[in-house]
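Where a number appears in this text, it was derived from the coordinates with a stated rule and is not lab data. Fair warning: this is a prediction, and the values are worked out from it, not measured in the lab. Cβ: placed from backbone, ideal geometry, glycine included. Neighbour counts: every protein chain shown.
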Protein chains: 2
Amino acid sequence: MSNEQLDLLREQLDELNMDLLNLINKRGELVKKVAKSKPNQGPDKKYDPVREHQMLEKIKNQNEGPFQDATIIHLFKEIFKAGLELQEKDYHKEMLV
Amino acid sequence: MSNEQLDLLREQLDELNMDLLNLINKRGELVKKVAKSKPNQGPDKKYDPVREHQMLEKIKNQNEGPFQDATIIHLFKEIFKAGLELQEKDYHKEMLV
């Protein structure tokens with residue numbers, strides 16, 4: 001493969017990274033909205049293991065690779081955790097108002 | 001917020017999860033192509049810290065939140081690591097042929 005072809009692949013990878021970034025942040029906004037829809041709950045109440053399990057099952061069922069289910073689950077758990085931290089930050093901000 | 005509105009937000013979240021799943025797997029395919037473009041290199045040669053740093057800088061520069069840069073960097077490092085593991089798996093498969 002020529003260097004030109006490699007450069008092209010890397011450009012595509014950079015574009016894909018940006019799409020991923022936008023989607024992850026869009027997910028963050030959505031998660032904040034969900035949290036706001038459950039008022040009067042402490043930060044520990046934001047974590048809903050049943051709902052998380054449901055989401056992970058749906059994701060696993062749709063996974064066609066190349067990443068294995070275990071890898072996909074690991075990545076999504078990290079994404080969920082980040083979302084949860086975002087909700088907790090918002091909760092503490094509210095408490096300070 | 002009504003239960004109906006919460007259900008709608010959760011539907012949107014499920015759709016967004018699917019978009020993320022597709023994008024992560026698309027990235028996996030692309031990363032495999034990049035790896036194939038560098039033949040005769042051992043698995044340890046697949047990791048390119050300079051290129052990783054470049055990608056992370058571009059991502060950080062484009063990050064508009066709500067997630068903080070540190071969170072975004074953490075998530076992308078996990079995604080990169082998964083891609084690297086995919087390349088290593090492919091390399092070992094080639095060695096067995």
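For chain A, the 222 nm mean residue ellipticity estimated from helices alone, with every DSSP H stretch of n ≥ 4 adding -39500 (n - 2.57) and the total spread over all residues, rounds to -28000 deg cm²/dmol. Between copies, A:LEU96 shows label-point distances of 5.4 nm, shortest first, with the point placed 7 angstrom from Cα along Cα to C-beta. Between A:GLU52 and A:GLU78, what is the label-point separation in nm under the 7 Å Cα-to-beta-carbon projection? Those two pseudo-labels are separated by 1.6 nm. Just to check, using Stokes-Einstein with a Kirkwood Rh over alpha carbon pairs, what's the diffusion coefficient of chain A at 37 °C and 0.692 mPa s in µm²/s? Translational diffusion coefficient: 208 µm²/s.
Sorted from closest to farthest, the other copies place their B:GLU29 label points 2.7 nm away, with each point set 7 Å from Cα along Cα→Cβ. Against chain A, whose longest principal axis comes from its Cα atoms, helix A:3-36 is set at around 10 degrees.
Once the Cβ-Cβ distance of B:GLN62 and A:GLU85 is raised to the sixth power relative to R0 = 25 Å, the FRET efficiency obtained is 0.75.
Remark: relative contact order (chain A) = 40 percent; criterion is Cα-Cα distance under 8 angstrom and separation of 6 or more residues. Of the chymotrypsin sites (Phe, Trp or Tyr not before Pro) found in chain A, those in coil by DSSP whose Cβ has at most 16 other Cβ atoms within 10 Å are A:TYR47. Averaged over the residues of B:85-94, the number of partner chain Cβ atoms lying within 10 Å of the residue Cβ comes to 1. Sorted shortest first, the distances from the A:LYS81 label point to those of the same residue in the other copies are 0.9 nm; each point sits 7 Å from Cα along Cα-to-Cβ. Remark: region B:86-91, residue by residue, has Karplus-estimated 3J(HN,Hα) of 5, 5, 5, 4, 4, 4 Hz, where x stands for each Gly or Pro and the curve is 6.51 cos²θ - 1.76 cosθ + 1.60 at θ = phi - 60°.
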